[in-house]
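> One structure coming up, written as structure tokens, with questions to follow.
The values are calculated or read from the model by the stated rules, or taken from the named source; none is laboratory data. These numbers were taken from a predicted model, which means no experiment stands behind them. Methodologically, a virtual Cβ is constructed for each residue, glycine included, from the backbone with ideal geometry; neighbour enumeration extends over all protein chains shown. We work out accessible area using only protein heavy atoms, side chains counted, and drop any ligands, DNA or RNA first. Shrake-Rupley method; radii C 1.70, N 1.55, O 1.52, S 1.80 Å.
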Amino acid sequence: KKEKLQQYEIIVTEEMVNEEIETYCRRFATRLEVDKVEENSRLMAEIVECDENGQPKESGLNKKNFYIDLSLEKDGEEKSKLIGAEKGATLHVNLKNLIASEDDLLYALGAQGKNIGDISDNFELKITSIIKLENPPINQELFDKIFGAGVVTSEEMFREKMREEVSFMYDRDVTAINLREAKKYLLATHKVDLPSDFLKRWIKSTQKEKNEEEVEKQFPAIEEEFKWQLLKNQIIKDNKIEVSEDEILDFAGSLMRWQMKYYYGIIGMPADELREYGKTLLKKEEDVRRMVSDILDRKVLEVVKNNVKVDLKKLTPEEFYEQIKE
């Protein structure tokens, strides 16, 4: 208890909660066709690549349905040109200074594999459609759409659920770093003697593709991992830590929850549904072993935290990711 274990927690700010709410409001927003471009409009346009004189370029790029989401694109002169323009207007823009990234631009132009330097700085753009997204009111109808009927019944509950969602998305990274710190802590505070010469001979005999120099170079990391496994197994044994089938199903459900949110923006699925979806992750024995190992790691971390002095650092996401780079 004399030593302090460094642990991290990400602060979920009101601004982060508001951004999460905005994300889901936009998902259920009403699409309205309007006549004038606003700051966050979505546009469909016809574009033609032009030369330095503003004339259509021979064999240049052109596209009839070029999509632009101004809420995602670069701020600056090119975006300013579009704001206030009316449907049917034609103007010249430098798409390189408008579209968020070079890869996005090449993809949108259907010019993957081309060098961005070969794309003209001048495109004629004719606005054919302007869409405005109107966010829904924050009310029971929205709560039910996101979380299911009657699960959330007040704005206070809604904000708390959104706070949980933000925190959940950082959970895996924070747990991984906290476990890394626990590993460093235990290795620094517990002496583990290993028969190093024997281990080197064993590695050479089982990994014959590696020469002696490679084994010597990699050995410190291998030895450290051996020591960590011994310490971890001792903690598991001393504390009678086990993993039940229900815990595996719950963990698989949490992985499915993460995938649903990260890839599809879906939240609020009931736990029993997530468990059913999670069963698809249990088909391979190797994946099940990995999940059991992850659950054991989390349980070991809790045991360590409960038996030492913890120095808890609360950081913003930016501060956290900057810190773990060091």
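> Can you return the lysines within cross-link range of K208? Criterion is Cα-Cα under 28 Å, with same-chain partners fewer than 8 residues away left out.
Here the lysines satisfying the reach criterion relative to K208 are K200, K217, K227.
> Next question, about the same structure. Please identify every one of the GluC sites (Glu not before Pro) in region 193-256 that sits in a loop by DSSP and has no more than 11 other beta carbons within 10 Å of its own beta carbon.
Working: sites: E209, E212, E213, E214, E216, E223, E224, E225, E242, E245, E247; in loops: E209, E242.
Of the GluC sites (Glu not before Pro), the ones in loops of region 193-256 whose Cβ has at most 11 other Cβ atoms within 10 Å are E209, E242.
> Oh, and also: Which entries in the list K232/K283; K237/K299; K183/K313; K237/K313 go over 20 Å, if you measure between the two C-alpha atoms of each? Intermediate values should be presented prior to the final figure.
Values: K232/K283 27 Å; K237/K299 12 Å; K183/K313 17 Å; K237/K313 30 Å.
Violating the 20 Å limit, Cα to Cα: K232/K283; K237/K313.
> Any idea what the alpha-carbon Rg over 2.2 N^0.38 Å comes to for the chain?
On the way: Rg = 27.4 Å, N = 326, 2.2 N^0.38 = 19.8 Å.
Working it through for the chain, the quotient is 1.38.
> Still on this model: Could you name the aspartates and glutamates whose alpha carbon sits less than 19 Å from that of K240, not counting residues in the same chain fewer than 8 places away?
D294, D297, E302
> Between L312 and A29, what length comes free when the chain is fully extended (0.36 nm per residue of separation minus the Cα-Cα distance, one decimal in nm)? Intermediate values should be presented prior to the final figure.
Working: separation 283, 0.36 × 283 = 101.88 nm, distance 3.98 nm.
Difference between extended and current length: 97.9 nm.
> What spacing in nm lies between the two simple spin-label points modelled at D171 and N239, each 7 Å away from Cα in the Cβ direction?
In this crude spin-label approximation the distance works out to 1.8 nm.
> Once the piece of chain linking N62 and I83 is laid out straight, how much longer is it, given 0.36 nm per residue of separation minus the C-alpha distance between them? Please list the in-between numbers first.
Working: separation 21, 0.36 × 21 = 7.56 nm, distance 2.23 nm.
Stretched out fully, the N62 to I83 stretch lengthens by 5.3 nm.
> Same structure again: Restricting to the chain, compute how many DSSP beta bridges are antiparallel as a %, nearest 5. Write down the numbers at each step before the final one.
Details: 24 of 31 bridges.
Percent antiparallel among DSSP bridges in the chain is about 75.
> In whole percent, and with a 1.4 Å probe on the protein chains, what portion of the accessible area of the chain is carbon and sulfur?
Of all accessible area on the chain, carbon and sulfur atoms account for 47 percent.
> A follow-up question, please. Run the reach check for K132 against lysines, Cα to Cα strictly under 28 Å, same-chain hits fewer than 8 apart removed. What comes back?
Partners found: K36, K63, K64, K74, K79, K81, K87, K96, K145, K161, K261.
> Might you report the magnitude of the Cβ-based charge dipole of the chain about its Cα centre, with Lys and Arg at +1 and Asp and Glu at -1, to the nearest 20 debye? Walk me through the numbers on the way to the answer.
On the way: 53 positive and 69 negative charges, 270 e Å.
That gives a dipole near 1300 debye.
> For region 122-231, report the accessible area per residue in Å² (1.4 Å probe, heavy atoms, rounded to an integer). Write out the running numbers ahead of the final one.
Values: 6540 Å² over 110 residues.
That works out to 59 Å² for each residue.
> What FRET efficiency, computed as 1/(1 + (r/R0)^6) with R0 = 30 Å and r the Cβ-Cβ distance, is obtained for N40 and D272, rounded to the nearest 0.05?
0.20
> Under Stokes-Einstein, with the Kirkwood radius over Cα pairs standing in for Rh, what whole-number D in µm²/s applies to region 1-120 at 10 °C and 1.306 mPa s?
91
> Trypsin sites (Lys or Arg not before Pro), restricted to region 273-326: which are DSSP loop and have at most 12 other Cβ atoms within 10 Å?
Working: sites: R275, K279, K283, K284, R289, R290, R298, K299, K305, K309, K313, K314, K325; in loops: K283, K284.
Listed in order of number, the matching sites are K283, K284.
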